[in-house]
Every structure is written in C-alpha cells, then in structure tokens.
Amino acid sequence: MNGFALFDTPIGRCGIAWAERGILGVQLPEAGERETRARLRRRFPDAREMPASPAVRRAIESIAGLLRGDASDLSGVALDMERVPPFHRRVYAAARKIPPAATLTYGELAARIGAPGAARAVGQALGRNPFALIVPCHRVVAAGGKAGGFSASGGVTTKLRLLALEGAPKSARPARDTPAARTGRRR
C-alpha cells in the first residue's frame, strides 16, 4: 500500500509519499498544511496518510536536516522511478551526484548525461522532478549566473533559500534579478 506523511522542517510542513520500492515524491511546503496535504493527495491519489516506515523516517530526518543546514546525504534514499521516463531518470541520477552547496548549469548537466545541447530538455525534466531535495534540482542553474526557474512554491526565492541553507558560497548562487527569477518560471 502506498502511503504519505507530512513532517515539520525549518521552511514549513513538507510531505513525502512512498511505495514498497521507495519514495514516490517529496512535496515542499505550500501556503499551509491543508494545501500541502491536498497537493500530495492530488499527486498520489492511491496513497493514504499513515505512519512512515523506518526507511521513510530516515529520509524525513535527512530532508529536515538538510533544511536546517546540516550536511545530510540523501544519495542513498531509494526512489520508486517506475513511472519516470528514461531520460528523466538519467537527469535525476546525474543531479543526485551534485554535492550540497555546489551548482551546475543545465548545459553542464546535459553534457554529463551524454546529451550536450539538451539543456532545455534537462530543465524540463527537472521541472517535473517529483523528488524535490532528494533529487536536488535546486542545485541546477541557468547559464551566465542566472537562477533559472524552480517549480516549487515560492519559485526562485525558494531555490536561492535552499542554496543558502546548504552554505553555497555567494559566487555559486545565481543572480536573482532575472526575468525568470521574478516570475518563478523554469528555464
């Protein structure tokens, strides 16, 4: 049976959904707990709210730690990618290798998966990332020092906040004042 749970973090109440194979998705905070729960229910209609298993609790503790600024390693968290397209799987696997406080551009990530010139496709895959934080899409930025986009609530402001929480040096954090940053759209 698929399950989901809400949990407290320094940035608000997050959610996580899981199946037998691993994590199905992570939900960053919405405007309030009710909205976060409703979003999880829409994303994972077959999941019901229940206590987390020990493996899911460890993932929750690591996510909360990362959001406290702790050096949390999420690379070992099992993900259920049964419904994830093959290209997205490659993008997510490469993104998981970006260390905390570091960034890559969409183009650099495309090159790492053997698809140079596919920066836009990488951005689209990351825009559909169901595993926020476990697949650290916030560590992928646009070329030229621009933030790019971020599809979670709060848009680019949330992306920059996550990078700051990880201790990314200011030189590694993208510039905020871009059209994409102002609108929160992914590039």
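Here are some notes:
- Take every DSSP beta bridge whose two residues both sit in the chain; close to 60 percent of them are antiparallel.
- Dipole-positive endmost among Pro86, Pro99, Pro51 within the chain (Cβ charges, Cα centre): Pro86
- Note on Glu82 and Glu20: the model spin-label points, each 7 Å out from Cα along the C-beta direction, lie 0.8 nm apart.
- One Cα centroid belongs to region 10-58, the other to region 64-90; the line between them spans 14 Å.
- Calculated FRET efficiency, Ala101 to Asn2, Cβ-Cβ distance, R0 = 30 Å: about 0.35 to the nearest 0.05.
Quick note: the coordinates plus some simple rules give every number you see, no bench work behind them. Fair warning: this is a prediction, and the values are worked out from it, not measured in the lab. We place every Cβ from the backbone using ideal geometry, glycine too, and count neighbours over all the protein chains shown.
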